[in-house]
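The values are calculated or read from the model by the stated rules, or taken from the named source; none is laboratory data. Note that the structure is predicted; figures quoted are calculated from it, not measured. We place every Cβ from the backbone using ideal geometry, glycine too, and count neighbours over all the protein chains shown.
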Amino acid sequence: MFVAQCKYLCVGSQDLEGINPKVITHHLNIDPSIKPVKQKKRHFGPEKDKIIQTEVDKLMAAGHIEEIQFPEWLSNVVLVPKPVGKWRMCIDFRDLNKACPKYFYPLPRIDQLVDSTSGCELLSMMDATQGYHQIILAPEDR
């Protein structure tokens, strides 16, 4: 079964196609009364600068990010250490998040989720590599 489904595996970010925008795109709802924030650029050492540039180059080549000349919002990169000694590049969207509406949907409890699978004959799991890059941001919200 696994071998038959190998066409769905990818090796790196360049292989990620993402979810077709005809299926879903993400719309960024921002409160227009909140003034955009441009975070002051954080400085990293040469080693971390190289890590960041390599990751940015990969994401640009894969089409997951694009360059913009005059952004309304500006958020910094944050490098988070991985357990294996590598780094995960994240973006500090805290200021942007403050301008977005809050949806208060409680998450289901794990015991409720487990109970809901009772009687199922087949269970499956899927993990999306670089999940944040799978759903495209709507062009008007970029």
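When the residues of segment 12-48 are filtered to those that are among the polar types (S, T, N, Q) and surrounded by 13 or more Cβ atoms within 10 Å (Cβ to Cβ), which remaining residue is modelled with the highest pLDDT? Of everything passing the filter in segment 12-48, Q39 is modelled with the highest pLDDT. Within segment 49-67, being under 18 Å from the mean Cα position of the chain (by Cα) and either acidic (D, E) or loosely packed, with under 14 Cβ neighbours inside 10 Å (or both) holds for Q53, T54, E55, D57, M60, A61, E66, E67.
Note on segment 43-55: residues that are part of a helix (DSSP H, G or I) and touching a residue at least 12 places away in the same chain (Cβ under 8 Å) amount to 4. Within segment 93-128, being within 18 Å of H64 (Cβ to Cβ) and among the acidic types (D, E) holds for one residue alone: D127.
A quick yes/no check of all residues on (1) out of contact with any strand residue (DSSP E or B) (no Cβ under 8 Å at 6 or more places or on another chain); (2) surrounded by 11 or more Cβ atoms within 10 Å (Cβ to Cβ); (3) over 28 Å from R42 (Cβ atoms); (4) at pLDDT 90 or above:
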position: M89; (1), (2), (3), (4): no, yes, no, yes
position: F93; (1), (2), (3), (4): yes, yes, no, yes
position: C100; (1), (2), (3), (4): yes, yes, no, yes
position: Q112; (1), (2), (3), (4): yes, no, yes, yes
position: M125; (1), (2), (3), (4): yes, no, yes, no
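Considering only segment 30-40, I want to know if a residue exists there that is in contact with a Leu (Cβ under 9 Å, 6 or more places away or on another chain), of a type outside the set (F, W, Y) and not in a loop (DSSP other than H, G, I, E, B). Yes, segment 30-40 contains at least one residue that is in contact with a Leu (Cβ under 9 Å, 6 or more places away or on another chain), of a type outside the set (F, W, Y) and not in a loop (DSSP other than H, G, I, E, B). Being hydrophobic (A, V, I, L, M, F, W, C) and over 23 Å from I135 (Cα atoms): is that true of I65 here? It is false that I65 is hydrophobic (A, V, I, L, M, F, W, C) and over 23 Å from I135 (Cα atoms).
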